[in-house]
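Engineer: Dropping the structure in here first, questions after.
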Amino acid sequence: MFPRSALPRDLSAFRHGPYPPPGPQTYNYNHGSRAAVNFHGPGPQRFPPYEWKERPLPPAPHPVHHPYAPNMTNSRKRQNSEYSPNVVKRQRIESHPHPSLASPLPRTPPPRRPDRAVAGSSRPPFVGQSPPALIHPQGVDVPENFNSLQAYARDELSCQMVEMFEACQQQASDLDRKELCRTRLQDDIQGQYPVARLYLTGSSMNGLGCRSSDADMCLIIKGNKKLDPISVLSVLQRLFKSLPYVERTQLIRAKVPILRFRERGSDLEFDLNFNNTVGIRNTFLLRSYAFADLRIRPLILVVKKWAQHNHINDASKGTLSSYTLVLLVLHYLQTLNEPVLPSLQMDYPDCFFPLMDIDMVPEGPKNVPPYISSNQSSLGELLLGFLGYYATVFSWDRKVISVREAKAFPKNNSPTWRNKFICVEEPFERNNVARAVHEKIKFDAIKAEFAVSYRILEDVQDLNSILPVREIINKESSRR
């Protein structure tokens, strides 16, 4: 699968690991009938659980060394810690239905495309100088314990990132709680709109959430008559005020209107939008990326916490949305000399077709074969490289980030990109998801945080130097 260097990836080794397997996943909603509140109770209406189909592990070759990552001076190896086994979720995750897709045998990667150039004209050591030659999967070397996050925690900084991730990542109980509220809401909403379906979207479902993450929902009502989002959300606002498990409803008339509310008696907040189907599409795209490599979720979680701490992660205040931050990380990982990620949309366009019927969107990722990158950089190396890339390499004024194409393309004079400080392409709608950054003072503050944090982290290589690790962990742990 990997366009430049790849190795088929096994799923069975994750039986005792901290994550679900990174392979293809599907998400089946039981929308055929009114959702049951008790998803552990009997009856055909309850939501089926995740079921991971495991495959035998292929033998792993010897470790490989990488010249394109920054040097990490502290090489203390973190001791293996206890990882909880995979926890059953509410929805169903399936493996490939076809033997050819599930086969653990090496696959020949797709032909390299000439248009997938590496962003930028020059790079420091942590970014590739030029695209490497295509590597046949059989020639890729990976560590023997590549299926464990500990393989990427070879230094103190990486160990700190693993510790933060394990403490802060969304737990099964958090998702259960959100799913229970979703099923109850769908049942009540169908009293007003019988054909309505309610989806959990965003970080709650794409694997990139933490314990304190709010829940995003998308209400889908199909039909020949086009309904006004404000009108539908106003009806729901009146309905929600009568529900005993909902409080603090607020209708926000933004470009994409949302109905914000809380679960009664808790601090769990929900944002519900109407027929914003791109949110469902990018949820499953990001989920596919999130589980493509063990390092993706910890790296993104730490980047989000860093951005929040430095006050550059709030689109409503003219800085970066969490979605934009995720795309920044994915772009960096795609454009390394030895990429950690491919472009899933370019390599498997049928799986992420922008006009696919919304009911089929969860089925797309199951047709993406498993893989592993030849880049075995540690988590700390990738974090330092990420900060350095946007501090010293990326041309903010001349380039548009495209995760869809796994490159940065030149800005043109279209209204989408003209006079915009930061340009990040939405993978499906192809508009600018960073358009909230419209003030130069905010743009300068974002660039300054990248530069300052890179300089500090490069010098001391301690996560505490750029964000309060213990304070963040304690805050997230208090939600248990």
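The values are calculated or read from the model by the stated rules, or taken from the named source; none is laboratory data. Since this is a predicted model, take the numbers as computed values, not measurements. When we count neighbours, we look across all protein chains shown, and the Cβ atoms used for this are built from the backbone with ideal geometry, even at glycine. When the accessible area is computed, the model is the full protein with side chains, heavy atoms only, and any ligands, DNA or RNA have been set aside. Shrake-Rupley method; radii C 1.70, N 1.55, O 1.52, S 1.80 Å.
Engineer: Can you tell me the dipole magnitude for the stretch 294-478 around its Cα centre, using point charges on the Cβ only (Lys, Arg +1; Asp, Glu -1), in Debye to the nearest 20?
Structural biologist: That gives a dipole near 520 debye.
Engineer: Now, a different point. Per-residue counts of other Cβ atoms within 10 Å, averaged by peptide: what ranking do you get for 268-274, 455-461, highest first?
Structural biologist: Ranking the peptides 268-274, 455-461 by packing returns 268-274, 455-461.
Engineer: Shape of the stretch 294-478 from its Cα gyration tensor (a ≥ b ≥ c, root eigenvalues): rounded if a/c is under 1.5, otherwise prolate when a/b > b/c, or oblate?
Structural biologist: In terms of gyration-tensor shape, oblate.
Engineer: In square angstrom, rounded to the nearest 10, how much accessible surface does GLU429 have for a 1.4 Å probe?
Structural biologist: Number for this one is 110 Å².
Engineer: Please compute the net charge surrounding GLU425, taking Lys and Arg as +1 and Asp and Glu as -1 over other residues with Cβ under 13 Å from its Cβ.
Structural biologist: +4
Engineer: Another one. Placing unit charges on C-beta atoms (Lys and Arg positive, Asp and Glu negative, everything else neutral), compute the dipole magnitude of the stretch 214-367 about its Cα centre in debye, rounded to 20.
Structural biologist: So the dipole magnitude of the stretch 214-367 works out to roughly 580 debye.
Engineer: Taking 0.36 nm per residue of separation and subtracting the Cα-Cα distance, what length does fully extending ASP176 through LEU243 add?
Structural biologist: Result for the pair: 22.2 nm of gain on full extension.
Engineer: Put +1 on the Cβ of every Lys and Arg and -1 on every Asp and Glu Cβ in the stretch 294-478; which of VAL393, GLY364, TYR323 then has its Cα farthest towards the positive end of the dipole?
Structural biologist: VAL393
Engineer: A further question follows. Relative contact order for the stretch 205-358 using alpha-carbon pairs under 8 Å, separation at least 6, rounded to a whole percent?
Structural biologist: 21 percent
Engineer: Classify the stretch 172-278 as rounded, prolate or oblate, taking a ≥ b ≥ c as the square roots of the eigenvalues of its Cα gyration tensor: rounded when a/c is under 1.5, otherwise prolate if a/b is larger than b/c and oblate if not.
Structural biologist: Prolate, because a/c is 1.5 or more and a/b exceeds b/c.
Engineer: Please tell me the relative contact order of the stretch 172-278 in percent, rounded to the nearest whole number, where contacts are Cα pairs under 8 Å and at least six residues apart.
Structural biologist: Relative contact order, the stretch 172-278: 23 percent.
Engineer: Also, I was wondering about something else. List the lysines whose Cα lies under 21 Å from the Cα of LYS475, skipping any in the same chain that are fewer than 8 positions away.
Structural biologist: Cα-Cα hits under 21 Å: LYS178, LYS304, LYS305.
Engineer: What whole-number value in Å² describes the accessible area per residue of the stretch 294-478 for a 1.4 Å probe?
Structural biologist: Per residue, the stretch 294-478 has an accessible area of 36 Å².
Engineer: Work from the charge dipole of the stretch 172-278 (Cβ charges, +1 for Lys and Arg, -1 for Asp and Glu, about the Cα centre) and give the residue of GLN250, PHE270, CYS181 farthest towards its positive end.
Structural biologist: Positive-most Cα among the choices belongs to GLN250.
Engineer: Quote to one decimal, in nm, the extra length available between HIS311 and VAL256 on full extension: 0.36 nm per residue of separation minus the C-alpha distance between them.
Structural biologist: The HIS311-VAL256 span can extend by a further 17.5 nm.
Engineer: Next question, about the same structure. By how many nm would the segment from GLU269 to ASP462 grow when fully extended, if each residue of separation counts as 0.36 nm and the alpha-carbon distance is taken off?
Structural biologist: Full-extension gain reported as 66.2 nm.
Engineer: Using a 1.4 Å probe, what is the accessible area per residue for the stretch 172-278, in Å²?
Structural biologist: Each residue of the stretch 172-278 exposes 42 Å² on average to a 1.4 Å probe.
Engineer: Then there is this: In the neighborhood of ILE312, defined by Cβ-to-Cβ distances under 10 Å, what is the net charge if each Lys or Arg adds +1 and each Asp or Glu adds -1?
Structural biologist: Every neighbour counted, the sum reads +1.
Engineer: Could you please state, rounded to a whole Å, how far the C-alpha centre of the stretch 250-287 is from the C-alpha centre of the stretch 195-218?
Structural biologist: 8 Å
Engineer: Mind listing the long-range amide H neighbours of CYS210? Cut-off is under 5 Å, sequence gap 5 or more, other chains count too, H placed in the peptide plane at 1.01 Å from N.
Structural biologist: The answer is GLN170.
Engineer: Okay, moving on. Could you give log10 I(q)/I(0) at q = 0.16 Å⁻¹ for the stretch 349-419, computed by the Debye formula over C-alpha point scatterers of equal weight, without solvent?
Structural biologist: With no solvent term, the Cα-only Debye profile gives -0.92.
Engineer: In addition: Which order do peptides 384-392, 403-411 fall in by mean Cβ count within 10 Å, highest first?
Structural biologist: Packing order, densest peptide first, comes out as 384-392, 403-411.
Engineer: With +1 on each Lys and Arg Cβ and -1 on each Asp and Glu Cβ, how big is the dipole of the stretch 172-278 about its Cα centre, in debye rounded to the nearest 20?
Structural biologist: 400 debye
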